[in-house]
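> Handing you a structure now.
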Amino acid sequence: MTEPTPLVILCNGADPPSKLRDTDREKLLRLEYRNSTEFEQNVTILLPDFVRDVFHLPNRVLDLLEIAAYVFLADRLMSRGRKDDLEYHKWARSLHFVIRVRDHEFWEASSVHHKLVEALRFMTGDRAYEFSFLPGHTTPRTGLFDSEGFVIEPKVNTSVTLFSGGLDSLAGIIERLEGSSDQVCLISHRSGQPGTRKTQDRLFAALRNRYPNRLVHYRFHCSLKDIRANDETQRTRAFLYASIAYAICCVLSQDRFFVYENGVAAINFLRRQDLQNARASRTAHPRTLALLEEFFSEIHGSRIKIATPFLWKTKADVFGVLSGFGREDLITSTVSCSKTFQNLGQATHCGGCFQCIDRKLAAYAAGLDDIDDGSGIYALNFIKKKIDDGETKTILVDYVRQARNFAEWNIDCFYKEKLSELAELTDYISGMDEEEVVNSIFDLCHRHGEQVLKAIKKMREVHDHPFRELPEGSFLQLINEREHLKEPVQRLIVDISRRLQTAIPLAFKTNLPKDERDLNDKISAIVESSRHKFEREHPAVRFALAQVIPDHSLNEYNLLIESKYVRESTSPSKASEGIAADLTKYPEDSHILFIVYDPYGSIVPVEDFKGDFEKKGRCTVCVIR
């Protein structure tokens, strides 16, 4: 299998090296943040403003900030494909950056290149990263104080910490302020979204009022210019954030900075097998941070440490940090939502993305739901309102299913089920041997599972009124119907069957099918018209119409759809014989959905007909009239 042609990103006025000069123009992207007569400025990186705030940065660190900014901006501009591509095989990209730099000799070193590429590949899940660094890049001094002779004199005790405006970073900063006498330096990436800037500024002002003379806020502006991003996953934002923090560490003569992210979110175990290859976020994963530590240490020439004090806390535990210090009033000022770009009206959270779901359940578990959920910050109240978006429904079901497993598995089962993912962790958590790491992660996940159970019980206690029907399609109804206990393939079967139960009678309202092929053509058209919806909402299941799939490819699918047509003159036994034959034809590990169109009502009783086959466990029979 040949490797795909990489996407080439030319930065700082760089031209393609000789080996890339034949690259198709559609595979080239030029990024430039400086005003230039030669190239059009198409992104915003306010590096001069950042340097003026800190007086001076070495050339190598200036290069790092430009590299991190360009990687982040290219990540947002280079599409990963459709949602269904994301769930399967087309998600990973191959990216080749060509960047003019100041400290060319350093960036050309193989050890630097290797550590940079290794960190980015694991963090993003992309197929490949390549960098060609070209010499000759310069930028003018930002002012009189931009020289090695001017430095910021830090206080004796200084803590540099990432500050996104989210709940975890706020709780971490408060814990740092309350638990030490350090001056705390907050590091923020400023995007083009005004809501994010407003959140960060509002929280900083509140913290500064409560902890006078203890805080400094450093902001690095980096955004697209007059264009909307193709990709909202922002896997490389962690690289940009960490690079900004490292730059401030250089200014303040510090050898560590803090990343506050709860351990369940940082480790982010797969909730579905389709979320392979970093489709589940790895931005604060212990391996990501360990690889970044190695990379920054290479730049620095000595050890740089990234501290993660919340690694053994859950989201509910983070809520507990804020309440423990009496700072509950700041909770609703934080923003955790990953879809703030949507039009949410007065709400600050969409209410349906993974981050919103995680936050809301954690608030209920921590007993702070009256503050968090009662404040009107969520556009969607999934607890007692209909969930129209199938993707949100799938996130909820997967979330609860995983929490149930964590709560009920013993440590041996946990180790067996999560062995491959644990292998990515045991070598990257310092100060603990493998057994200690596994035990600690198990305890963390088990506590999370118990807290989710507690949250659901609280939700039912508060919102499930015994004299009223449960709202159709709400989270409470999903829980009541035990959707989280159903296998993913069974949930997809229900959705496909409902669609066909409505569409098939309409399709043949005037003229019945000429034959089984005609029926199958209609079924194929109906299913294919909704395929992207099904794949987005049930991404753990691969499915196909069996008739159009070659026998040697069937093992790729765990749901096959077969159709049977019971004509007026046809005995139902013929359909039975066809189903029995198909059950022997297809692989044992495939589930088969049989669509039986019986317009004359020949099959009586239907439940007995279905039960004879479904009791074998390999198939589901949907009779349509």
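The values are calculated or read from the model by the stated rules, or taken from the named source; none is laboratory data. Only a predicted model underlies this, so the values are computations on that prediction, with no experimental measurement involved. Quick reminder, even Gly has a Cβ in these numbers, built from the backbone with ideal geometry, and neighbours come from all protein chains shown.
> Report every pair of residues separated by at least 6 positions or lying on different chains whose Cβ atoms are under 8 Å apart, first residue within segment 413-442 and assigned to a loop (DSSP other than H, G, I, E, B), second among the acidic types (Asp, Glu) and modelled with pLDDT under 95.
Short answer, once both residue conditions are applied: 426/434.
> Return the pairs, sorted by first residue and then second, in which the second residue is surrounded by 14 or more Cβ atoms within 10 Å (Cβ to Cβ), the first residue lies in segment 589-618 and is without any contact (Cβ under 8 Å) to a residue 12 or more places away in the chain, the beta carbons are less than 7 Å apart, and the residues are 6+ apart or on different chains.
Within 7 Å, the pairs are 614/620; 614/621.
> Please go through segment 461-490 and give me each residue that is surrounded by 14 or more Cβ atoms within 10 Å (Cβ to Cβ) and charged (D, E, K, R), ordered by number.
Result: 464, 483, 486.
> Right, another one. Counting just the residues of segment 557-582 that are without any contact (Cβ under 8 Å) to a residue 40 or more places away in the chain and in contact with a Lys or Arg (Cβ under 7 Å, 6 or more places away or on another chain), which one comes out surrounded by the fewest Cβ atoms within 10 Å (Cβ to Cβ)?
It comes out as 578.
> Could I ask something else about it? Looking at this structure, is residue 590 under 24 Å from residue 507 (Cα atoms) and either outside the structural domain of residue 544 (by TED's automatic domain parsing) or among the polar types (S, T, N, Q) (or both)?
Taking the combined requirement at face value, the residue does not satisfy it.
> How about segment 520-625: which helices (runs of 4 or more DSSP H) wholly inside it have at least 3 residues that are closer than 30 Å to residue 392 by Cβ and not aliphatic (A, V, I, L, M)?
Output list reads 531-537.
> Still on this structure: Just checking, which of 600, 586, 565 is touching a helix residue (DSSP H, G or I) at 6+ places or on another chain (Cβ under 8 Å), of a type in the set (Ser, Thr, Tyr) and farther than 22 Å from residue 542 by Cα?
Working: 600 fails: touching a helix residue (DSSP H, G or I) at 6+ places or on another chain (Cβ under 8 Å); 586 fails: farther than 22 Å from residue 542 by Cα.
Within the list 600, 586, 565, the selection yields 565.
> Another question about this same structure. Of everything in segment 495-519 that's touching a residue at least 24 places away in the same chain (Cβ under 8 Å) and assigned to a loop (DSSP other than H, G, I, E, B), which residue is surrounded by the most Cβ atoms within 10 Å (Cβ to Cβ)?
Only one residue tops the list, namely 513.
> Within the bounds of segment 375-392, is there any residue that is more than 24 Å from residue 533 (Cβ to Cβ), of a type in the set (D, E, K, R) and outside any loop (DSSP other than H, G, I, E, B)?
No.
> Taking segment 329-350 only, how many residues are assigned to a loop (DSSP other than H, G, I, E, B) and modelled with pLDDT of 95 or more?
Number of matching residues: 1.
> Residue check: is residue 362 among the small types (Gly, Ala, Ser) and either buried (at least 21 other Cβ atoms within 10 Å of the Cβ) or not in a helix (DSSP H, G or I) (or both)? Give the derivation first.
Working: among the small types (Gly, Ala, Ser): yes; either buried (at least 21 other Cβ atoms within 10 Å of the Cβ) or not in a helix (DSSP H, G or I) (or both): yes.
Spelling it out, residue 362 is indeed among the small types (Gly, Ala, Ser) and either buried (at least 21 other Cβ atoms within 10 Å of the Cβ) or not in a helix (DSSP H, G or I) (or both).
> Still on this structure, please answer the following. Within segment 290-298, is even one residue within 11 Å of residue 171 (Cα to Cα), at pLDDT 95 or above, touching a Leu at 6+ places or on another chain (Cβ under 8 Å) and crowded, with 22+ Cβ neighbours inside 10 Å?
No, because not a single residue in segment 290-298 is within 11 Å of residue 171 (Cα to Cα), at pLDDT 95 or above, touching a Leu at 6+ places or on another chain (Cβ under 8 Å) and crowded, with 22+ Cβ neighbours inside 10 Å.
> Sort through 566, 606, 527 and tell me the only one that's within 15 Å of residue 496 (Cα to Cα), of a type in the set (A, V, I, L, M, F, W, C) and touching a strand residue (DSSP E or B) at 6+ places or on another chain (Cβ under 9 Å).
Of 566, 606, 527, the one residue that is within 15 Å of residue 496 (Cα to Cα), of a type in the set (A, V, I, L, M, F, W, C) and touching a strand residue (DSSP E or B) at 6+ places or on another chain (Cβ under 9 Å) is 527.
> While we're here: When you scan segment 54-87, how many residues do you find that are in a helix (DSSP H, G or I), at pLDDT below 90 and closer than 20 Å to residue 249 by Cβ?
Within segment 54-87, residues that are in a helix (DSSP H, G or I), at pLDDT below 90 and closer than 20 Å to residue 249 by Cβ number 1.
> Out of the residues in segment 450-480 that are under 27 Å from the mean Cα position of the chain (by Cα) and outside any helix (DSSP H, G or I), which is modelled with the lowest pLDDT?
Within segment 450-480, the match that is modelled with the lowest pLDDT is 473.
> Those residues that are over 12 Å from residue 225 (Cα atoms) and outside any helix (DSSP H, G or I), I need them from segment 19-33; list them, please. Before you say what the answer is, go through the steps one by one.
Initially, segment 19-33 is screened for residues over 12 Å from residue 225 (Cα atoms), giving 19-30.
Matches in segment 19-33: 21, 22, 23, 24, 28, 29, 30.
Each row is one residue, and each column tells you yes or no for (1) in the same structural domain as residue 568 (by TED's automatic domain parsing); (2) farther than 15 Å from residue 595 by Cβ.
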| position | (1), (2) |
| --- | --- |
| 453 | no, yes |
| 467 | no, yes |
| 470 | no, yes |
| 498 | yes, no |
| 518 | yes, no |
| 533 | yes, yes |
| 539 | yes, yes |
